[in-house]
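The structure under discussion appears below in the form of structure tokens.
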Amino acid sequence: MAEVAYVNASRVFPGNPPVRAVDNLELAVADGEFLVLVGPSGSGKSTALRMLAGLEDVDEGTISIGGRDVTNVPPKGRDIAMVFQSYALYPHMTVAENMGFALKLRGVPRTRIKEKVGEAARMLDLEKFLDRKPKALSGGQRQRVAMGRAIVREPSVFLMDEPLSNLDAKLRVETRANIAALQQRLGTTTIYVTHDQVEAMTMGHRVAVLKDGVLQQCASPRELYERPANAFVAGFIGSPAMNLKTVPLTGEGAQLDGVVVPLPREVLDAVAAERLTEITFGVRPESLRLVGADEGDAVGRAFELTVELVEELGADAYVYGSARVGDRPERFIVRVDGRTPPAFGQRVRVAVRDLDEVHVFHPETGERLSG
Amino acid sequence: MRAFLVRHWYAYAMVLPVVIVVGVLVLFPLAQGIYFTLTNINEANIANPVLDRPASYEFVGLQNYLHVLSGSESYGAFWSTLVRTLIWTFGCVFFHYVVGLGLALLINRPVRMRGLYRVLLILPWAVPPFISVFAWRYLFNSQYGILNQGLATLGLPTPVWLGQSDLALFSVMVINIWLGVPFMMVTLLGGLQSIPHELYEAAEMDGASPWQRFRNVTLPGLRSVSSTVILLGVIWTFNLFHVIYLTAGQNPHTRILVTYAFERFFSGATRDYAVASTYGVLILSLLLVFVMFYRRAMRRQGEVW
């Protein structure tokens, strides 16, 4: 059990110019917390994890585990266990030997190793497979062995590097829940890297979003969803992605195809202070709704969309349509009830459900302007 | 039967050329060789169309085997030659493997000019063996060789490396080790590169020291490559003729089974084809037995990957 802290930690890969794979990462993880590092590929999330593991140098700043500075401590001395994307099971060892290897190296007596391995195997439902070699296991079983190998060591921190990306979709959902439950039960601080924002949202107590080696925001999943700190986070979290459009401003709000979406006072003040004539306007597909023909009072608040594509998912349907913003067409996605989706080519009217669900970002820096 | 042929004639027709080639080039000579071991065939009684002389050799049963296996000096001192062959084979293969693995490990790490080292280390293999062998003979020359000149300047004794002593065996082994290391190095380097990098990282996280990582990741990861190259190495070295013959000629101190079979076949007062064939068959049987035991041992270890 331990807390983890990155203090201005950077990893710079030599080159011309040098690549700052992780740039001044400042992140504190509480004891027992499940923190997810998420970002697109090349965002530095895996590098950040490997720095904590000791597999990658820390070029600037420090990293501490449980209050102890481990910046220059080899992996062995950090009291951590890691689950790799490829699982990295030793192919010539049985499941039991794989799980007990770290203990064997530490000189733990054989009976004690057997006990611990047995315990972990029970937890992960691997008892039947203890004598098998990894190649005789299915993908899901291998994944569990990799988890078991980490658990057996009882480390103070678990590191997981995309441990589910080699599983099929159904198994991934199942294992996702199992890992979260296991972490809850063991109460071990866990840092989990993924590129899948659904995993991030469902598993993490907090989620740290990285882009180009820079931490964008670290907050609870709810907070990330409701108040993304910038346009990148807004577009990355949520599926389908948020509609983010650069729109002209009027005195009261954002101008969309003959409709003005009113914006709160403080946003308008902030915009005025920056003397902006345009903003990045963000609204999630689920924050939009279709306006029925009978809703006369919606006139003036709804804008028109020409349907270009409808993706039906059963419960929901995603409507892709274009609307005029300023003088150019822009594509919007609207999440609608799966029972009554509009047809291709139809012209529908769309309104924002709740003005609180509108996000406003700076058109150049991408910083959040709305409260 | 007829229906079978009608259905599968095409497959048989496709296989036929290979069957013929293997039959003519392998099976027939093998059978003939085995037959010769049961006769007293030599240069004097083989059929000679030039002299218009018919074959007059006779069937002598297992006599050749009895002579050879008696270990008699006049039949090549089979047992002591066998011991020398085994020393030669396993000595060479052991050092091929150990030195090859060492170099492969060194060259596998990121060092500057790695490409250059690789080329240089593969070079001995690219030079035609007889050229290397003659170069080595000059190095080992007792009077003018650079080796002895070096030893002399250091005030050390200057032995006759390729003379009538066991030192000659040592010398030819040195030459053969030098010749054989590149092959081991290249194959083991390939094996090393096929070991997933994460395994080393996982072992590091598990707290393994560099030696423990070598023992628990590198060696098991190389097992299938190693078992193949060691098997091949043993067979090749056991039957390696040219290095010994080109370096030391018919020196009884470097005599191994194949070189003796060659001597018996091509030289001597009467070219004794029967005894040479007997040696050939014995070599083949020894290698078969070795391969059988080796494969069984490998299987017991569980050739996984």
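The values are calculated or read from the model by the stated rules, or taken from the named source; none is laboratory data. What you see is a predicted model; the values in this text were computed from it and never measured. Glycine gets a Cβ as well: all are built from the backbone with ideal geometry, and neighbour counts include every protein chain shown.
A few points about this structure:
- Subset of segment A:170-213 [touching a Gly at 6+ places or on another chain (Cβ under 8 Å) and either closer than 20 Å to A:PRO40 by Cβ or assigned to a loop (DSSP other than H, G, I, E, B) (or both)]: A:GLY187, A:THR188, A:TYR192, A:HIS195, A:GLN197, A:VAL209, A:LEU210, A:LYS211, A:ASP212, A:GLY213
- Looking at B:ILE283, B:ILE235, just one residue is among the β-branched types (Val, Ile, Thr) and farther than 25 Å from B:VAL186 by Cα, and that residue is B:ILE283.
- Selected residue (criterion: farthest from the other protein chains (Cβ to nearest Cβ)) from residues of segment A:81-91 that are over 22 Å from the mean Cα position of the chain (by Cα) and buried (at least 22 other Cβ atoms within 10 Å of the Cβ): A:LEU89
- Scan of segment A:51-76 for residues that are surrounded by 17 or more Cβ atoms within 10 Å (Cβ to Cβ), within 12 Å of chain B (Cβ to nearest Cβ) and in a loop (DSSP other than H, G, I, E, B), ordered by number: A:GLY54, A:LEU55, A:GLU56
- Hits in segment B:23-59 - residues which are β-branched (Val, Ile, Thr) and touching a residue at least 60 places away in the same chain (Cβ under 8 Å): B:ILE34, B:THR37, B:THR39, B:ILE41, B:ILE46
- Count - residues of segment A:92-116 that are touching a Phe, Trp or Tyr at 6+ places or on another chain (Cβ under 6 Å) and either within 10 Å of chain B (Cβ to nearest Cβ) or polar (S, T, N, Q) (or both): 1
- Near pairs, Cβ below 9 angstrom, 6+ apart or cross-chain, from segment B:174-201 (more than 14 Å from every other protein chain (Cβ to nearest Cβ)) to any residue that is surrounded by fewer than 21 Cβ atoms within 10 Å (Cβ to Cβ) and not in a helix (DSSP H, G or I): B:LEU179/B:VAL127
- When segment A:272-297 is filtered for residues that are surrounded by 18 or more Cβ atoms within 10 Å (Cβ to Cβ) and part of a loop (DSSP other than H, G, I, E, B), only A:ARG284 remains.
- Residues in segment A:315-327 include none that are part of a helix (DSSP H, G or I) and in contact (Cβ under 8 Å) with a residue 24 or more places away in the chain.
- Residue among B:GLY91, B:GLY100, B:GLY71 that is at pLDDT 90 or above, touching a helix residue (DSSP H, G or I) at 6+ places or on another chain (Cβ under 7 Å) and over 19 Å from B:ILE244 (Cβ atoms): B:GLY100
- In the set B:TRP211, B:TRP236, only one residue is under 34 Å from the mean Cα position of the chain (by Cα), without any contact (Cβ under 8 Å) to a residue 60 or more places away in the chain and within 13 Å of chain A (Cβ to nearest Cβ); that residue is B:TRP211.
- Scanning segment A:108-138 for residues being assigned to a helix (DSSP H, G or I), among the polar types (S, T, N, Q) and closer than 28 Å to B:GLY221 by Cβ gives a total of 0.
- Residue match in segment B:19-41 (condition: loosely packed, with under 10 Cβ neighbours inside 10 Å, assigned to a helix (DSSP H, G or I) and hydrophobic (A, V, I, L, M, F, W, C)): no
- The numbered conditions (1) in contact (Cβ under 8 Å) with a residue 40 or more places away in the chain; (2) assigned to a loop (DSSP other than H, G, I, E, B); (3) not acidic (Asp, Glu) are all true for A:SER10 except (2).
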